[in-house]
Structures are given as structure tokens and as C-alpha cells.
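Below: one structure, written as C-alpha cells.
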Amino acid sequence: MIKIHAPLVAALAAVIAIASAPAQAASFPERPVRVVVPWPAGGLVDLLARSVAEKAQASLGVSMIVENKPGAGGAIGASEVARAAPDGYTIMLTTSAMNMNAAIRKGLTYDVEKSFVPIAVAAYTSLILVTSPDGPDSVQALINKAQEQPGQLSYASAGIGTPGHFAGEMLKSAQNINVVHVPYKGGPPAMVDQISGRVDYHFANAVVALPQLNGGKIKALAVASANRVPQLPDVPTMAEAGVKGFNLDQWLGYLAPAGTPSDVTATLHKAIVAAAQDKDLQAALVNNGMSAADPMSSEAFKSYLSEDFAKWKSVAKASDIHLE
């Protein structure tokens, strides 16, 4: 019988472990990466997810499959990702709406500060305050109409806890107007009812609003960002239109389940950031009301997310934004 001494066994095991660790790290990804978008197809986040996937999958060497999981202000998709295996094969592209939703919704099955690890911020965008072609011609005219008809006007949003909901309630609080909130499951269905006249106005995301604005089916009164957007240079900001301090810029970024190895998120970060810096992709984003984010480390993104969540909790309290 051949005897193998214990020290030799331990030494061999250590060598094997060291040799295999880099190979395991280098092996990711070995199969398609699933990107959950907690919003409907055809919307702002969906467009970005598919655009980035097309570019990033080339460098990753595997497909990035986009799956839409809308509902509950993005909470359904976020819950699914929070429960997923932390191996990098299920990630999420979400927006500021995740933090806004968490700021007002109790009983979520995930913790926005503990259930995810940041990968990369990919883009920024704003909202556009729109109404029907025969609606008020300015923000002040809209406010005057709401004050003259308390409880008679309605505004749409892509869902409770979404940026459009926050923007609508911020306007109500700032101007002391009584308007009915009508939440939808995403931006596209809200726009359908805006065009048909079932709602009076709403803060729409740019990718949904711009084609309808170009087609003359709606009109823009203001943008909700701190600065005017290049696609609508003649449309004022909310602050310029008389609602001082109104600023609702949004981030769009990728997150993975908590516990995902840092080398895996680093691989995804590198591919996503490279895709976001592609000139053709950046031009497409601008055409759809977005701007590519400057490269930001995962750690910097983590700090940014924490500050963003604190901001929206404060806004929710100040504007008395809550679930109906």
C-alpha cells in the first residue's frame, strides 16, 4: 500500500486551489446573462437594456437576454433579482424609481441598500411634462386650471412610486393643487391614455414622449430636470416655468444580487461601461432623451445610490407622497 503523508496532501490541495481560482474567475461568463427590466417592453429602460446588451455581449462572449418583469412600481422585477443566485447570471437594469418606490412602499421583500450590489450606472434621463394638443399652453396655465377645478383634473404615471408619480405629487405639493393620480403599469400605457384624452397631463419619460411630440399627438410644457434637454431646446425647465427648486433627474443602472463575487461584477462593469461609451449607442440615447453616464466605479455608484435613497425619502416626507 502506498502511503501519502498528510502534509503532502495539504500542500497538493493548496496548489490545486490556487491554480483553479483564477480559472474559475476567468470562466465567467459561461452561459447567457439574464437582464431583468422591471418595466414594460418599449419603454425607456427597455430601450437602454437592449441597446447595451447588443454592444456588451460581444465583449462578454455570451448573449445578454432582456426579460421584462413590470408591476408594483418596479418591485416585482426587483424582488425576483434579489432572490436570484448571486452568480452574475441574473442582473437588473433599473432606475431612480427603485429608490423612490422603496421610500414610500412598506413590506417590500428586499432592502434596496442590502439586497443588491451595484455594477454600473449607464445613463441619465429626465421627465417631460406633457398634455394634449388642446390642453393648457404653459405650466402656469395648467396650475391655474387645476386651482379653478379642484379634484377634476387627473395626471397619469407609470405606476405608484415611479418618477412620474413623485413628479406629479411634487407639483401638487408645491402649488397646493388637488389632482387625481391615475397609475399605470409602465410609461407606454400611460401615454396611450394621454393621447386619447383620458388623463389631463403627466410627466412622461423621454423615450415614450418624444415620438408623440414629433407626431403632434401631445405637447410639452416643461422638463423636470435642472437643465433644458438638447432634444427640446425651446421647452423650459419646471424651475424656469415658475416652479422653483423642481429637479427630478434620473439615473439608470445595473445591479446584481447581494453576494455576487466582486470579480464577476467587475467583468460585467467593464462590459457595460464600454458599451455605454460606444459613440453609436450614445447617439441613439440622445435621440431618445437620454445621455450616457460618464464612467463611475462600482464603489462610487454604491455611495451615489445611498445618497439618492436618502434624498427621495426626504422628498416623500416633504411632499407627503404615499401609497393611495
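The listed residues are Gln140, Gln147, and the only one of them that is in contact with a Gly (Cβ under 6 Å, 6 or more places away or on another chain), surrounded by fewer than 16 Cβ atoms within 10 Å (Cβ to Cβ) and within 20 Å of Gly245 (Cβ to Cβ) turns out to be Gln140.
Residue under question is Lys55, and the condition is that it be over 16 Å from Thr267 (Cβ atoms), not polar (S, T, N, Q) and not assigned by TED's automatic domain parsing to the domain that holds Gly164; does it hold? Spelling it out, it is not the case that Lys55 is over 16 Å from Thr267 (Cβ atoms), not polar (S, T, N, Q) and not assigned by TED's automatic domain parsing to the domain that holds Gly164. I'd like to know if segment 74-96 contains one or more residues that are surrounded by 23 or more Cβ atoms within 10 Å (Cβ to Cβ), at pLDDT below 95 and in a loop (DSSP other than H, G, I, E, B). Scanning segment 74-96 turns up at least one residue that is surrounded by 23 or more Cβ atoms within 10 Å (Cβ to Cβ), at pLDDT below 95 and in a loop (DSSP other than H, G, I, E, B). Taking the options Ala56, Ala49, name whichever one is of a type in the set (A, V, I, L, M, F, W, C), within 19 Å of Ser262 (Cβ to Cβ), outside any loop (DSSP other than H, G, I, E, B) and modelled with pLDDT of 95 or more. That would be Ala56, the only listed residue that is of a type in the set (A, V, I, L, M, F, W, C), within 19 Å of Ser262 (Cβ to Cβ), outside any loop (DSSP other than H, G, I, E, B) and modelled with pLDDT of 95 or more. Within segment 144-160, the set of residues being out of contact with any Lys or Arg (no Cβ under 7 Å at 6 or more places or on another chain) and in contact (Cβ under 8 Å) with a residue 60 or more places away in the chain comprises Ala158, Ile160.
Matching residues to (1) of a type in the set (D, E, K, R); (2) outside the structural domain of Gln175 (by TED's automatic domain parsing):
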position: Glu67; (1), (2): yes, yes
position: Gly71; (1), (2): no, yes
position: Ser79; (1), (2): no, yes
position: Tyr89; (1), (2): no, yes
position: Asp111; (1), (2): yes, yes
position: Val117; (1), (2): no, yes
position: Ser132; (1), (2): no, no
position: Ala141; (1), (2): no, no
position: Gln147; (1), (2): no, no
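May I ask you to verify whether Lys172 is within 15 Å of the chain's Cα centre (by Cα), charged (D, E, K, R) and not assigned by TED's automatic domain parsing to the domain that holds Ser291? The answer is no for Lys172.
For segment 100-131, the set of residues classified as surrounded by fewer than 24 Cβ atoms within 10 Å (Cβ to Cβ), touching a Ser or Thr at 6+ places or on another chain (Cβ under 9 Å) and part of a loop (DSSP other than H, G, I, E, B) consists of Leu108, Thr109, Tyr110, Glu113, Ser115, listed by residue number. Residues in segment 282-293 that are touching a residue at least 40 places away in the same chain (Cβ under 8 Å), part of a helix (DSSP H, G or I) and surrounded by fewer than 20 Cβ atoms within 10 Å (Cβ to Cβ): Ala284, Val286, Asn287.
Here's a check for you: in segment 46-73, which residue that is more than 20 Å from Glu30 (Cα to Cα) and polar (S, T, N, Q) is surrounded by the fewest Cβ atoms within 10 Å (Cβ to Cβ)? Per the stated criteria, the residue is Asn68. For Ala204, the conditions (1) within 16 Å of the chain's Cα centre (by Cα); (2) without any contact (Cβ under 8 Å) to a residue 24 or more places away in the chain all hold with the exception of (2). Residues in segment 243-272 that are closer than 26 Å to Tyr110 by Cα and in a helix (DSSP H, G or I): 9 in all. Restricting attention to segment 242-293, the residues that are of a type in the set (Ser, Thr, Tyr) and under 18 Å from the mean Cα position of the chain (by Cα) add up to 2. Listed by first and then second residue, the pairs linking a residue in segment 183-195 that is within 14 Å of Val207 (Cβ to Cβ) to a residue that is among the β-branched types (Val, Ile, Thr), with Cβ atoms under 7 Å apart and 6 or more places separating them unless they lie on different chains, are Gly187/Val208; Pro188/Val208; Met191/Val208. Taking segment 222-278 as the range and being under 30 Å from Asp87 (Cα atoms) and without any contact (Cβ under 8 Å) to a residue 60 or more places away in the chain as the test, the residues that pass are Ser262, Ala266, Gln277. Whether any residue in segment 12-33 is at pLDDT 95 or above, within 30 Å of Asn287 (Cα to Cα), surrounded by 18 or more Cβ atoms within 10 Å (Cβ to Cβ) and not charged (D, E, K, R) is what I want to check. Within segment 12-33, one or more residues are at pLDDT 95 or above, within 30 Å of Asn287 (Cα to Cα), surrounded by 18 or more Cβ atoms within 10 Å (Cβ to Cβ) and not charged (D, E, K, R).
The values are calculated or read from the model by the stated rules, or taken from the named source; none is laboratory data. Fair warning: this is a prediction, and the values are worked out from it, not measured in the lab. No Cβ is skipped: glycine too gets one built from the backbone with ideal geometry, and neighbour counts run over all protein chains shown.
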